[in-house]
Amino acid sequence: MAAKSVIRKGTKVLEGGGSSQFIGIEPDAAIVVAPLVGMDEMISIDLHSFWEINPAVHLVCLGDNCPCCTLGNESGFKAYLPVLTREGESKIFAFGIGVARQFSELEEEVGSLAGKLVKIRRAGSGLRTRYTVTGLGKSIDISTATPADIESQLGPFDLPAIIRKLEENGLAEAEQFEDLLPSKKEKPEPKAKKTAEPAPKGKKPVKPAPEETEKKADDWEDGEESEDWDA
Ligand SMILES: [Zn+2]
């Protein structure tokens, strides 16, 4: 694993095709980007990550009705900012709570980060990864840049699609989530059943939830694609 990341250069070709809109930082490297918005427009979610499979699967936490929480997986804070790279590419930078705090601290010092060059250095990998955010004291013109559409890169956000992802990746069986998905219980009570008990009220068959077939990229969270230039 380590050797692999050492010899990889430039842009990683992602499995399943398509180029990532995310910008990542290789271990012990740094990037310089200009956020296209200030922290007040930072998008954040709670994210479940299933590292036990490779590539890891990342799914949005749905809160009260979340199948990943049902499985005991703990979600973590994940935030996203649209940024402009040194090459003038519009990308998405994804980060955790530590970097978010550093961005906020920097913004308190220098004002909105929109258009300001920031250097983000990554030290180490895995659980020992540390990031350091530094303002470079320079601004660039971002008036012609179009921020990447972050929300379209996240998701799925709907319960059936998330359950299907869990199933596809062998992380769970749909039956485990019957409590969350009452619409799956579509079988009406058998009519000819002769019992002394009165028929239960309100047990109408419910329409199954519409199938969402749209497939989202698996790689949206960790930004492994690297623009590995020195900063
Ligand atoms: Zn959850």
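The values are calculated or read from the model by the stated rules, or taken from the named source; none is laboratory data. Keep in mind the model is a prediction, meaning the values are calculated, not measured. With ideal geometry, Cβ positions are generated from the backbone for all residues, glycine too; neighbour counts draw on all protein chains shown.
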Query raised in the report: Which ones in the stretch 134-174 are under 20 Å from Ile31 (Cα atoms) and out of contact with any strand residue (DSSP E or B) (no Cβ under 7 Å at 6 or more places or on another chain)?
Result: Gly137, Asp141
Query raised in the report: Does Leu113 count as of a type outside the set (Asp, Glu), in a loop (DSSP other than H, G, I, E, B) and more than 14 Å from the chain's Cα centre (by Cα)?
Result: yes
Query raised in the report: List, please: which pairs have Cβ atoms under 9 Å, are six or more places apart or on different chains, and start with a residue in the stretch 44-64 that is free of Cβ contacts under 8 Å to residues at least 24 places away in the same chain and end with one that is in a strand (DSSP E or B) and near the ligand (Cβ under 8 Å from one of its atoms)?
Result: Cys61/Asp46; Cys61/His48; Cys61/Ser75; Gly63/Asp46
Query raised in the report: Pick from Leu59, Leu36, Leu47: which is surrounded by 20 or more Cβ atoms within 10 Å (Cβ to Cβ), under 27 Å from Ser104 (Cβ atoms) and more than 16 Å from the ligand (Cβ to nearest atom)?
Result: Leu36
Query raised in the report: Quick check: is even one residue across the stretch 78-92 within 16 Å of the ligand (Cβ to nearest atom) and surrounded by 14 or more Cβ atoms within 10 Å (Cβ to Cβ)?
Result: yes
Report task. Say whether the condition of being modelled with pLDDT under 95, farther than 18 Å from Ile150 by Cβ, acidic (Asp, Glu) and not in a strand (DSSP E or B) is met by at least one residue in the stretch 79-94. Result -> yes
